[in-house]
1. Of the residues G88, G72, G28, which exhibits the maximal mean-square fluctuation in a Gaussian network model of the chain defined by a 10 Å Cα contact cut-off?
2. Please arrange L52, L60 by counting, for each residue, the other beta carbons lying within 10 Å of its beta carbon, fewest first.
3. How much net charge surrounds W34 when only other residues with a Cβ under 14 Å from its Cβ are counted (Lys, Arg +1; Asp, Glu -1)?
4. Given N residues in segment 2-99, what is its alpha carbon radius of gyration divided by 2.2 N^0.38 Å?
5. What list do you get for H44, H59, H82 if you sort them by fewest beta carbons within 10 Å?
6. Quote to one decimal, in nm, the extra length available between V40 and R18 on full extension: 0.36 nm per residue of separation minus the C-alpha distance between them.
7. Going by amide H atoms built from the backbone, whose H comes under 5 Å of the H on I33, apart from near neighbours?
8. What net charge is computed for the residues neighbouring G72, neighbours being all others with C-beta under 14 Å from the C-beta of G72, Lys and Arg scored +1, Asp and Glu -1?
Amino acid sequence: MNILLCCAAGMSTSLLVRKMNQISLDQGENNKIWAVPGDVVYKHIKDADIILLGPQVRHLLPELKKLGEEKGIPVDVINTVHYGTCNGVEVLKYAKLLKNK
């Protein structure tokens, strides 16, 4: 599964990506997880199965959700607490849940 995280500057999100990648490896999964700033997320949509937005860029949700629907890609905002605590386990679980809906 290809999980694209959308952020503002990438500082906090890069920590979350590292944690999610480690958890994915520990679970024996071959997920591609990466983050890009909101202004370039459109260039990466074609490579994503899921798009998760950092809470600080939630204003992009309506536009990205519409684009995601057109391409069959679930788009949602990461839970603020999970994002703030870099809870990679919960964010990865949520991505799987979105993919299986």
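Values quoted throughout were computed directly from the atomic coordinates according to the rules given, and no laboratory measurement underlies them. Note that the coordinates shown come from a computational prediction; the quantities given were computed from them, not determined experimentally. With ideal geometry, Cβ positions are generated from the backbone for all residues, glycine too; neighbour counts draw on all protein chains shown.
1. Greatest mean-square fluctuation among the candidates belongs to G28.
2. Sorted ascending by nearby Cβ count, the order is L60, L52.
3. Net charge in that neighbourhood comes out at +3.
4. Dividing the Cα Rg of segment 2-99 by 2.2 N^0.38 Å gives 0.96.
5. H59, H44, H82
6. Additional length available on full extension: 5.9 nm.
7. For I33, whose amide H was placed from the backbone, the distant partners under 5 Å are I3.
8. +2
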